[in-house]
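Heads up: the structure comes next, in structure tokens.
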Amino acid sequence: MYETALILHNVLRLVVVALTLWVVLRAFQGWRGRRPFGATDRLNALVLTILVDTQLVIGLLLHFVWSPVTKNAMADMGAAMKDPSLRKFVVEHPVLMIAGIALVHAGKLAAKGASNDAGRHRRTFVFLSIALILFLIGTPWPFQEVGRPWLRMGG
């Protein structure tokens, strides 16, 4: 189960980042171009919310149930905090991802509460831009010292 969840979590990260970027770009274009906030915008936000929530559930299961990395780290948090790799996966990654996911939800609610389409697009753009930055910072990319491959096809 661990390997399957890890592969799915890895593939979904690429989808989440790409879709977040897409929604941010559409929101910017809608805001600056005075485009109506339509069904496609609502659907994009809904799909993104579903994907980040799915990613969160998989991530929490990996973190607290299946991952031998976090199990070992939690056995000695003092030592884990001194190891950049363990600290990334036990603290930094989950905190940044949960904050980004919270911003996706907050952005969706803030857009819903705006009084006009420009406001909906602007709020979506602001909240999701910050979420995207957190996703990009918190993700263990292959080019980082503490990274993971682009596509993991096994444990």
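The values are calculated or read from the model by the stated rules, or taken from the named source; none is laboratory data. All values derive from a computational prediction rather than experimental measurement. A quick note on method: Cβ atoms are made from the backbone with ideal geometry, for glycine too, and the neighbour counts reach across all protein chains shown.
Among the residues of region 80-94, those identified as under 14 Å from Thr139 (Cα atoms), without any contact (Cβ under 8 Å) to a residue 60 or more places away in the chain and not basic (Lys, Arg) are Leu86, Phe89, Val90, Val91, Glu92, His93, Pro94. Taking only region 81-91 into account, find how many residues are hydrophobic (A, V, I, L, M, F, W, C) and farther than 13 Å from His63 by Cβ. The total comes to 1.
Taking first residues from region 34-62 that are more than 12 Å from His121 (Cβ to Cβ) and surrounded by 15 or more Cβ atoms within 10 Å (Cβ to Cβ) and partners that are modelled with pLDDT under 95 and of a type in the set (Val, Ile, Thr), the Cβ contacts under 8 Å between residues at least 6 apart in sequence or on separate chains come to Leu62/Thr70. The residues of region 83-108 that are in a helix (DSSP H, G or I) and over 17 Å from the mean Cα position of the chain (by Cα), listed by number, are Pro84, Ser85, Leu86, Arg87. The set of residues from region 36-82 being touching a Leu at 6+ places or on another chain (Cβ under 9 Å) and either on the phi > 0 side of the Ramachandran plot or not in a helix (DSSP H, G or I) (or both) comprises just one member, Ser67. Set side by side, the residues Lys108, Lys82, Lys71 differ, and just one is surrounded by 12 or more Cβ atoms within 10 Å (Cβ to Cβ) and either over 25 Å from Thr20 (Cβ atoms) or aromatic (Phe, Trp, Tyr) (or both), which is Lys71.
Taking the criterion of being touching a Ser or Thr at 6+ places or on another chain (Cβ under 8 Å) and among the small types (Gly, Ala, Ser), the only residue of region 84-109 that qualifies is Gly107. A single member of Met81, Met97 is touching a helix residue (DSSP H, G or I) at 6+ places or on another chain (Cβ under 6 Å) and farther than 30 Å from Asp41 by Cβ, and it is Met81. Within region 11-28, if we keep just the residues that are surrounded by fewer than 18 Cβ atoms within 10 Å (Cβ to Cβ) and touching a residue at least 40 places away in the same chain (Cβ under 8 Å), the residue that is farthest from the chain's Cα centre (by Cα) turns out to be Phe28. Here Met97, Met77 are screened, and the one residue that is surrounded by fewer than 15 Cβ atoms within 10 Å (Cβ to Cβ), among the hydrophobic types (A, V, I, L, M, F, W, C) and in contact (Cβ under 8 Å) with a residue 12 or more places away in the chain is Met77.
Within region 137-153, one or more residues are of a type outside the set (Lys, Arg), under 30 Å from Trp31 (Cα atoms) and in a helix (DSSP H, G or I).
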